[in-house]
Structures are given as structure tokens and as C-alpha cells.
DNA sequence: GATTGACAGTTCTAAAATAGAACTTTAGGT
DNA sequence: ACCTAAAGTTCTATTTTAGAACTGTCAATC
């Protein structure tokens, strides 16, 4: 939710706090974490008293498709009779739009059933089993 | 993470538990919640002893773009030298791909700076202020 | 010149949520 | 008889979060 607000151009502590209703304590922690993760940058906008604002790094900006798809899901599945809570306008083409996820190779819209997943080179290994010895099988016992 | 596993075709309690390492208690709660929210359906696959599996509803399947974009973000920003943890193959075109989010109207890839957000008809009203009475101003006190 | 208000936090305690581990139930296998 | 599998439940200990008040620095106001 903090990130959603960031994409809505909110940048300051009080702004996040009042629009989210989150506790100040938690907000402070989350902001620290987001900065530590490199998603936000804490930049001073005023000296004495020192005041900071939080702005998205590139790593943070790259979260945009995630936020967009969440908002879109909400627009489809969490609506009441009144309609969508949030509309998006594409400045480049001037129209109200929905985000659409496509295949980078063929351009077709993606759906779960058409996709197969493979472990990549950076796949993390299966965790070392809690029961590493399947040695309980009688056949293994003797060995 | 439970949902990610769902999209990887995991459906059963033990399967989620062992691949996520989540506590069984928490897993049971989360699954209940996801069923309550209409994202998963709990369907018996065996009578006596009753055994259930959890499968995505349409509402759940519609979360796909969210999961995809999270995985993609991870592939870009959480990699070590080895490379991507997870690869996607598009069955329709046969190629390895990345998900790409575009504007439904003009087809151009989306980026945060090109989008303007408007409150829609279903926007929730601003919360009733905690300090509804700015009556602390002396001028109001007397009244 | 004392008070008020904005802003960005910090500090407390009480109330959830989660971790970690063992236990339960129904049934098949050996 | 004992073991295993599956899908949970139950328990205590630890962590997080909620909720509210407090701090410090400045500017503006009374």
C-alpha cells in the first residue's frame, strides 16, 4: 500500500500516514525497510529541521507492473455496484486503459494455462531435507 | 507464496507445506482464508479418509499477471551471478519469454511516468477525519 | 514570549499473528 | 504390532502490529 501511494506521487511521511491510516511506528519501519531494500531513496527536501521524502528508485519503479496488476485485479474482483475505484489514463495515447500482460516473444495475451515454468540457472536448490535419510525403508536399513 | 505454488500446479496441503517451509498452522489458516475469499476452491479427491486439494477459481486464476510480474521482478532484481531462478515457456509460441505489460488501447509498453490515475466511480470516500472538529481554534471554543 | 501547528519520527503497552514442535485421525502397508 | 501418509489441530514462546502519547525543530500566530 505504501508503494501504491508512491506511484500516486505521494512522497512524505505524513502523506503516507494520513492516506493509509497505518500506525506511524509501522510506517517508519516499512519505509526503513524499503530504503534498505533499495526500492525507495530517502532524500532531504529541507534542511533544519531536516525533512526527508521517499522516492522510488529504478528498482522501485520496476514494481509498477505488479502494482498495476493488483489494482486491475481489484477493479475486476473487488468492485461493488458503483464501478471501478481507480481509472488509468495513458498519457501517450490519451485513453483510459486496462493493463494487459503479453508474451514478449509473440505478443499474445498471457494466461496461466499456456505457460510452462522451468527452473532457471539461478534456481535455489531444494532445501536440505528435514528428514534427509529416506533410510527408513527397510531395504535401506541394512546398508 | 502459496499462490505461486498453486500456479506451479501444487494443490495439496503437504505439497505446500514442504515446498514453502511455512508452519502447518499458518498454512491451514491461509488456505481457509483463500477459500473464504473465493481465490481457491477446496475439493475432495478422496473419500475416507477425506482428503482435499486446493485449486484456483477463476478469481484466483486472474491473479496470474500479479504472480508473473512479481516473478519477473525477482528475475531482474533478486538474481545472483548464476542467472534467473525461474524461466517461462509460452506453449502457444514455443519460446522462452518475459511478461510484458502494455496499454490495452494502444498496445505500447506501460511505464509509471506515462500513466495518470483518476478516482473512478467506485472510489472509496476519504476517511472521516480523526480530528473532524478543528474546533481547537480559540475562535471555535466559545461556541 | 508563550502557544500552536507542521513534520518526521520515537517510545511505550496491549493485542494479534507467527514460529516451532508435538499430537490427532483415518487408512494402507509390512 | 508398528510405520507411514495426509490433512489438519493444539500447545507455548516469540515477533509483529495496533494504538496512543511523546520528542525535537522550526515557522507562524496570539
Label 7 Å beyond Cα on the Cβ vector: residue B:58 copy-to-copy distances, nm:
4.1
If you find the alpha carbon centre of the stretch B:1-63 and of the stretch A:57-97, how far apart are they in angstrom?
27 Å
Label geometry 7 Å along the beta-carbon vector: residue A:92 inter-copy distances in nm
2.0
Degrees, to the nearest 10: A:24-36 long Cα axis against longest axis of chain A:
70 degrees
Cα-derived Rg to Rh of the stretch B:64-111, Kirkwood definition:
1.02
Expected max-MSF residue from A:80, A:98, A:62 in the GNM of chain A (alpha carbon, under 10 Å) is A:80
Using just the helices of chain B, give the 222 nm mean residue ellipticity in deg cm²/dmol: DSSP H runs with n ≥ 4 each add -39,500 (n - 2.57), and the total is spread over all residues, rounded to 500.
-9500 deg cm²/dmol
Normalised per residue, the volume of the convex hull around the Cα set of the stretch A:2-61 (Å³)
76 Å³
If you take the beta carbon distance between residue B:91 and residue A:76 as r and set R0 to 25 Å, what does 1/(1 + (r/R0)^6) give as a FRET efficiency, to the nearest 0.05?
0.55
Using a 10 Å cut-off on Cβ to Cβ distances, tally the other chain neighbours for every residue of B:17-24 and report the average as a whole number.
1
Average other protein chain Cβ within 10 Å of Cβ, residues B:5-13
1
Please give the helix A:64-77 orientation as an angle from the longest Cα principal axis of chain A, in degrees from 0 to 90, rounded to the nearest 10.
90 degrees
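Per-residue Cβ counts within 10 Å, from other chains only, averaged over B:73-84: what number is that? Display every interim value, and only then the final one.
Working: counts 6, 1, 2, 2, 8, 3, 3, 3, 2, 5, 4, 6.
Counting Cβ atoms of other protein chains within 10 Å of each residue's Cβ and averaging gives 4.
Can you give the FRET efficiency for residue A:28 and residue A:57, using 1/(1 + (r/R0)^6), R0 = 22 Å, r = Cβ-Cβ distance, to the nearest 0.05?
0.70
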Express the Stokes-Einstein translational diffusion coefficient of the protein assembly as shown in µm² s⁻¹, to the nearest whole number, given a Kirkwood radius over alpha-carbon pairs, 20 °C and a viscosity of 1.002 mPa s.
96 µm²/s
Under the definition of Cα pairs under 8 Å and six or more residues apart, what whole-number percent is the relative contact order of chain B?
12 percent
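Every number in this text was worked out from the coordinates using simple rules, so none of it is lab data. Because the structure is a prediction, the values reported are computed rather than measured. Glycine gets a Cβ as well: all are built from the backbone with ideal geometry, and neighbour counts include every protein chain shown.
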